[in-house]
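Report on the following structure.
The values are calculated or read from the model by the stated rules, or taken from the named source; none is laboratory data. Predicted model, so just to flag it, every value in this text is computed and none were measured. Cβ coordinates were reconstructed from backbone atoms using ideal geometry, including for glycine residues, and neighbour counts include every protein chain displayed.
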């Protein structure tokens with residue numbers, strides 16, 4: 001076929017597919033039916049955006065905060081477009097589009113776009129740091145037994161490989177104050193300590209830790225701090241610069257409601273060259289964050305849909321969402337705190353938690369409690385039974401109603417009354 005005729009046909013085909021043309025444009029999710037609504041009406045309207053399974057009340061949104069319909073429809077269009085444009089898309093603008101989305105996420109977390117990359121999840125982000133850290137035999141790392149298991153396993157792996165020592169601390173479910181938490185980490189620091197991992201929000205209880213105070217303390221000893229923010233981006237206000245940590249990872253398929261397989265890594269500019277890449281990348285400049293982000297051929301439609309998830313968050317407003325999530329958690333947890341036989345594993349102080357909390361019942365294992373809630377009351381959640389936490393993690397979402405939480409409250413009171 002003649003080259004000019006071929007290019008003409010390609011151009012005609014592209015015109016027939018208007019939703020994306022080789023570059024991601026600003027196309028915010030429409031504000032249909034959301035504007036000028038009072039608070040209760042607004043959240044009822046948001047609930048309509050979620051296709052909910054009627055079999056149970058879902059109070060396990062922490063693992064995967066599934067996609068509301070406006071984002072899902074955009075995501076499906078991205079899949080169709082990438083499939084249609086195929087290698088042309090992959091060989092032209094995929095990297096530029098990913099960088100644009102990363103820059104938007106960087107703005108959300110108050111980070112420099114030149115220090116921010118899109119990954120697949122928090123585990124990938126933080127394991128890149130743990131495995132790529134310049135360990136030497138005899139070095140020490142500190143983390144808490146309440147931290148996410150995948151990162152703990154990675155620390156154990158590098159201990160075997162490099163001969164480092166891991167010091168594991170335990171964070172109380174109900175700390176007296178910030179100073180107590182800071183002192184727990186500080187008590188384990190020695191001249192050999194090189195890295196501390198801290199959860200911004202502990203995944204099993206929802207407790208929010210005083211990250212900046214821990215970072216200030218650790219930096220005073222010349223120790224780097226890596227923060228697990230898996231449950232924070234799109235949930236609460238996150239400010240990388242204000243935290244002053246050295247490394248930060250999060251999952252965007254949780255509270256931002258991006259598609260599965262979307263994460264974030266931020267590294268302080270001066271620390272980028274310190275980390276050895278897991279996979280070799282074309283960018284070899286020591287301070288180029290992209291050298292830590294080789295992904296090969298991957299589902300690029302997910303990268304594009306992160307932008308749509310950000311549009312949806314803008315529609316709601318992060319401040320408004322955080323307030324709503326905290327309200328929903330306090331709605332049920334405050335009601336159950338003084339009920340006989342019920343144990344709340346999340347601090348009572350408002351600033352120490354947001355949408356996530358943990359609850360248990362005396363003499364009932366967390367696994368059995370989760371089964372009772374599902375089989376007898378059609379409430380789906382998850383049991384946690386380790387690291388000073390015995391109970392079910394309760395994670396509502398923006399679509400959750402107080403009527404559903406009333407059902408959960410009544411169920412817990414009924415179970416607790418059985419003695």
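How many residues are farther than 16 Å from residue 388 by Cβ and assigned to a loop (DSSP other than H, G, I, E, B) when one looks only at the range 333-352? Steps first, answer last, please.
Of the residues in the range 333-352, the ones farther than 16 Å from residue 388 by Cβ are 333-342, 348-351.
With the extra rule that they be assigned to a loop (DSSP other than H, G, I, E, B), the set shrinks to 337-341, 348-349.
Result for the range 333-352: 7.
Out of curiosity, is residue 311 touching a residue at least 24 places away in the same chain (Cβ under 8 Å), surrounded by fewer than 22 Cβ atoms within 10 Å (Cβ to Cβ) and within 30 Å of residue 38 (Cβ to Cβ)?
yes
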Which condition number does residue 345 fail, the rest of (1) surrounded by fewer than 22 Cβ atoms within 10 Å (Cβ to Cβ); (2) closer than 25 Å to residue 235 by Cα being met?
-> (1)
A careful count of residues in the range 142-181 that are farther than 20 Å from residue 127 by Cβ and assigned to a helix (DSSP H, G or I) gives 4
Which is surrounded by fewer than 14 Cβ atoms within 10 Å (Cβ to Cβ), farther than 30 Å from residue 350 by Cα and in contact with a helix residue (DSSP H, G or I) (Cβ under 7 Å, 6 or more places away or on another chain), of 98, 160, 137?
-> 137
Looking across the range 43-57 at residues that are in contact (Cβ under 8 Å) with a residue 60 or more places away in the chain and touching a helix residue (DSSP H, G or I) at 6+ places or on another chain (Cβ under 9 Å), the single one that is farthest from residue 396 (Cα to Cα) is 49
Scan of the range 215-235 for residues that are surrounded by fewer than 22 Cβ atoms within 10 Å (Cβ to Cβ) and either within 14 Å of the chain's Cα centre (by Cα) or not assigned by TED's automatic domain parsing to the domain that holds residue 134 (or both), ordered by number | none
